[in-house]
1. Only residues of region 443-472 count here: report those whose backbone N is under 11 Å from the spot 7 Å along Cα→Cβ of ILE106, or say none.
2. Helix-only mean residue ellipticity at 222 nm, the chain, DSSP H runs n ≥ 4 weighted -39,500 (n - 2.57), per residue, nearest 500. What is it?
3. So how do 69-80, 26-37 stack up, highest first, on mean other-Cβ count within 10 Å?
4. How big is the antiparallel share of DSSP beta bridges in region 224-406, given as a percent to the nearest 5?
5. Could you sort the peptides 294-307, 369-382, 326-339 by per-residue average Cβ neighbour count (10 Å cutoff), highest mean leading?
6. Give, in nm to one decimal, the length gained when the segment between GLU40 and GLU56 is fully stretched (0.36 nm per residue of separation minus the Cα-Cα distance).
7. Got the relative contact order for the chain handy, in percent, Cα pairs under 8 Å and 6 or more residues apart?
8. Using a/c under 1.5 as the rounded threshold, could you call region 416-466 rounded, prolate or oblate? The axes a ≥ b ≥ c are square roots of the C-alpha gyration tensor eigenvalues, and prolate needs a/b larger than b/c, oblate otherwise.
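Each reported figure results from applying straightforward, stated rules to the coordinates on display, with no laboratory input. This structure is a prediction, so every number in the text was calculated from the model and none was measured. No Cβ is skipped: glycine too gets one built from the backbone with ideal geometry, and neighbour counts run over all protein chains shown.
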Amino acid sequence: MALEKPIADTDEARNIAAMVARARAAQAQIEHYTQEQIDELITAMVWANCQPGVAEKIAQHTVDESQLGDYNGKFTKISVKTRAALLDIIDDKSVGVIEEDKERNIIKIAKPVGVIGALSPSTNPEATPVIKAINAVKGRNAIIIAPHPRAKITNKMIVDNMRAAIEKLGAPADLVQAIELPSLDGTNELMKQCDLILATGGPGMVHSAYSSGTPALGVGAGNACITVDETADLDFAAEKIRLSKTFDLAASCSSDNTVIAVESIYDELLAKLIDKGGYLAQAGDYEKIAAVLWEDGHLNAKAVVKPAPVLCEMAGIEIPSDRTFIIMPETGFGPEHPYSGEKLSVIMAFYKVKNVDEAVELTNNIQAYQGMGHSCGIYSTSDENVLKLASGTKTSRVMVNQPQSPSNSGNLWNGMRQTFSLGCGTWGGNSTNENIYWKHLVNVTWVSKPLATPKVIPSDEELFGAVMDKLK
């Protein structure tokens, strides 16, 4: 049973309290569902939104309402990403005994948390509600989703589809609910009254989640840095960078914000990126685009996630209509070099370094400014360079020879867990650096039985060894 929490005497607080009460009642009805019943529910929840005809409608509505991203990106996420997320967890055991450690004689039993309060961002409002909801229900929880106001109708459409599917299977629709008229006060109340917060959104909202007094799983800011070394297949690297940089018009925080090229292949890679549709920024473009993309040090919501020609037109720059991303040569990092930060736009900062050692140092400096702990990547055929980058950077994910944006949150070509909630560890101010999925949304009871043979503390000479002599 969840701890009783005081409820403020406001209409907003009472409305949220009523939703939470319905969620608790619904969750109690599935608390003893079998694994088969739970898996049927989450399968239906995904199908209700990804099926042909419905997915197309959601994708178009998302673009029309949010004015962020493009149709193809939205359709891929609601149609393909949700299917992949289901495939990723459908065979997991989440009910009853989920693990037996015979060596330690431990049995682990999964228990539901209760009511999950989930925040859904404007950048991924099509698949985020589905993926968070199926992971919550996989753990036999209920979930209430607080959408970004810019995508509230899209969110309601998706949640209504899931509710109808749940009800047809004989389960309570209130397992999944949406705040239909989102507000800051309403979201804050949800975070106070739920049992666990799953926060995906801007730094301010994630900070509010951590400050709410409710246990929270938050995510850090993205600012992916991609290294291309002297051993890379440059045609392959350029195409994958293009794909990642332009997917959904860079709405994802995992988009390739920076490309770091080793000097021996810098010119060749640059030529290939231009050949793939890149526009190389000219003298004066740096300042003109910056003046539009940032306002008072913050990204301008009216300028982000736009096609390259549109963004350039806003900045008073004319570029060919076939250019799909912007290559912005950079040399420094930090506030005086704004392109070294997250841009939420089809702009990549482009750097030259001598070798992978310099790439490691530059990645850490860039991400110390923004994006520490989130992710980076490398195009290379050298295991030594891959491990050098992975060992030397303060990052949770290193994507090797993969397009960053569709890969670090899980994809069919890798083993990463499918999610849109990427923990960044203590580097990014988070409690985990894992890809967050249902295992983070359950309590686990550890059953400990005596060992067949108890452990024995060895002699001091064996345990402490040479340390004893060194400390004399």
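1. Counting only backbone N, you get 445-449.
2. Values: 18 runs with 188 residues, N = 472.
Calculated mean residue ellipticity at 222 nm is -12000 deg cm²/dmol.
3. Numbers: 69-80: 21.2, 26-37: 14.9.
In descending order of packing, they fall as 69-80, 26-37.
4. Numbers: 2 of 27 bridges.
Here the share of antiparallel DSSP bridges comes out near 5 percent.
5. On the way: 294-307: 14.9, 369-382: 23.9, 326-339: 17.4.
Listed from highest to lowest mean packing, they are 369-382, 326-339, 294-307.
6. Details: separation 16, 0.36 × 16 = 5.76 nm, distance 2.37 nm.
Using 0.36 nm per residue and subtracting the Cα-Cα distance, I get 3.4 nm.
7. Working: 955 pairs, mean separation 78.8, N = 472.
Here the relative contact order equals 17 percent.
8. Values: a/c = 4.27, a/b = 1.84, b/c = 2.32.
Because a/c hits 1.5 or more and a/b fails to exceed b/c, region 416-466 counts as oblate.
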